[in-house]
Amino acid sequence: MWESSGNRDGKIIELSITPVEEKGRVIIGFVHDYPSDLQKFGIMGAVSQSIRRNFELSSLTFKIIGRIIKGSASVRTLSGPIEIARISGALPEPAALVCFFGFLGLVSLQLGVFNLLRSDPGRGCDSSLLIEGLIRRDLSLNLKERIVQVGFVFLILLMGFVVFNDLSKIIDIDRIFR
């Protein structure tokens with residue numbers, strides 16, 4: 001057991017933390033009862049807050065992708081379908097429905113952000129349309145095909161990586177390959 005006291009906003013706070021062993025790992029943490037506060041908005045306020053929040057979460061997604069590329073964030077932060085299912089099942093009971101719909105909205109937003117980068121053989125690639133708009137001319141069909149092929153290979157590799165990453169969070173992969 002670990003005990004500490006501190007000063008926050010002029011109030012002395014004392015905490016006791018007892019580690020718990022789970023699946024051979026010692027875990028220290030807490031569970032917050034969500035939602036801590038619900039705000040009610042009118043229709044226009046809800047639309048405004050929704051746009052603001054979606055913009056914040058989308059920009060955070062791109063910041064995290066940038067950090068992963070720079071190496072200042074771990075690739076282990078990427079999650080796939082297994083981790084999404086695990087998190088969905090681990091939502092706190094008292095507010096599970098509210099948390100579940102919030103989590104579902106977050107997953108939907110992330111899929112929308114990543115769809116901007118996708119390759120679609122029927123339409124080309126959304127990012128190639130952006131490039132065409134910036135250079136103000138059409139790309140050759142051969143170049144569009146290459147972009148689709150590279151995008152497809154990238155997508156397959158990313159899917160394999162996130163599934164492996166999800167499994168490594170559940171199974172001790174290091175122990176298997178020793």
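So if I average 1/r over every pair of distinct C-alpha atoms in the stretch 51-111 and take the inverse, what Kirkwood radius in Å does that give?
Numbers: mean 1/r = 0.0773 Å⁻¹.
Computed over the stretch 51-111, the radius equals 12.9 Å.
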* Asked: According to a simple spin-label model (label point 7 Å from Cα along Cα-to-Cβ), what is the distance in nm between LEU106 and ARG146?
  -> 4.0 nm
* Gain in span if fully extended, GLN39 to VAL20, counting 0.36 nm per residue against the direct Cα distance -> 3.4 nm
* Asked: Between ILE27 and LEU157, what is the FRET efficiency for a Förster distance of 25 Å, r being their Cβ-Cβ separation, to the nearest 0.05?
  -> 0.20
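None of the figures in this text is laboratory data; all of them are computed from the coordinates on show. What you are looking at is a predicted structure, and each value in this text was computed from that prediction instead of being measured. Here Cβ is always computed from backbone atoms with ideal geometry, including for glycine, and neighbour counts include all displayed protein chains.
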